[in-house]
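Asker: The structure is given below, and queries will be raised subsequently.
Derivation of every value follows stated rules applied to the coordinates shown; laboratory data play no part. Fair warning: this is a prediction, and the values are worked out from it, not measured in the lab. Positions of Cβ are generated from backbone atoms using ideal geometry, with glycine treated the same way; all protein chains shown enter the neighbour counts.
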Amino acid sequence: MKKSLHLKRTGSIVGILGAAIAFGVSGTPALATTDTRPTEYIVGGQSTNSPNIVQLSFNTAGEQGTFGCTGEAISSQWILTARHCTEGSQNMKAYYSNDTSNPGPAYAADRVVNSPYGDVGLIHLKSPHQVSQYAKLGNGYTPRAGDTGSIFGYGLRGNRVPADWLFTARVSVLGQSSDAYGGKAVHVRGIDGASNHGDSGGPLVINGVIVGVCSTGDTADPGSNINAGSNYANLNDHRAWITQNTGV
C-alpha cells in the first residue's frame, strides 16, 4: 500500500498555516510545495474549537519555505506531534488560535525531541503558555476493527480548498498498520471526513483520550473522498518515553 505523509508547505503564516499530513512514499516525508490553487483541510467533517490543538509552523533543513503541522498541548510547555514534523525542523513555533487567518501570538520552541519508536515527536516551548484544558493521552490502546473515534487538524479540505479553522471528522478503525518510520499505527477510514495535507501530528481521539497522531495517508491526495484511509502512530510504544521527557 502506497503511503503519503500529510505535511503542508505554507506561503505565509497568515491564511494557510496548518497541520500537515506530509504524504510520502515508503514512509519518507514528502513536503508539499507552495500551491496557489485552493487547497483542503480535513476533507469533510465540521469546524470545531479546542484550547489545546495548536497550529505549528517551521522550516526544514535543506528545504525552501515554511511548513505546517498540527500539535496537541499536553502541558504548559510541551506539545505532542509527529516526528516527521519535528525531525530536521528549525524555527519551530506554536499558535494557539483555532483561526488559521488569525493564529495569534507565536510561541517559539527551544528544542524538539524525536521518538526512537516511530512517528511521534515532542516540542518544548521557551516560555510556558497556560490553556484551560490540556490534551489527555491514552495508554494501552489496541486497535480493534469497528472502533470509532475523531480526528482533528488544520490541513487541507476537499478539492484543495484552504482551511480557515480547526476541523474534526469521525473515523472508523480498520486495524493495526505502520507509521512513516515503521512503528505501530492505527489504520482508520473516514466516516464523515478524512485527513489531508496539513493534518500531520493531529490527534486520533477514542473514548476521550488521544491514542495516536497523524502520520501517513493511504493515497497521496484524497481529493474529496471523505472515506479515505490514513495511519495514526499508536502512542502505546511511546507512552513511557513521553512521560520520561515531559512528566505527563
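Asker: In Å, what Kirkwood hydrodynamic radius results for the range 135-239 from the alpha-carbon pair distances?
Answerer: Its Kirkwood hydrodynamic radius stands at 13.2 Å.
Asker: Roughly speaking, what is the stretch gain from Gln130 to Ala220, that is 0.36 nm per residue apart minus the C-alpha to C-alpha distance, in nm to one decimal?
Answerer: 28.8 nm
Asker: Can you give me the Cα centroid spacing of the range 88-137 and the range 186-248 in angstrom?
Answerer: Using only Cα atoms to place each centre, the spacing works out to 17 Å.
Asker: Fewest Cβ neighbours within 10 Å first, please rank Glu87, Glu72 accordingly.
Answerer: Final ranking by Cβ density, sparse to dense: Glu87, Glu72.
Asker: I would also like to ask the following. Non-local amide H neighbours of Gln176 (under 5 Å, H modeled in plane, Pro and chain starts lacking H): which ones?
Answerer: HN-HN under 5 Å from Gln176: His187.
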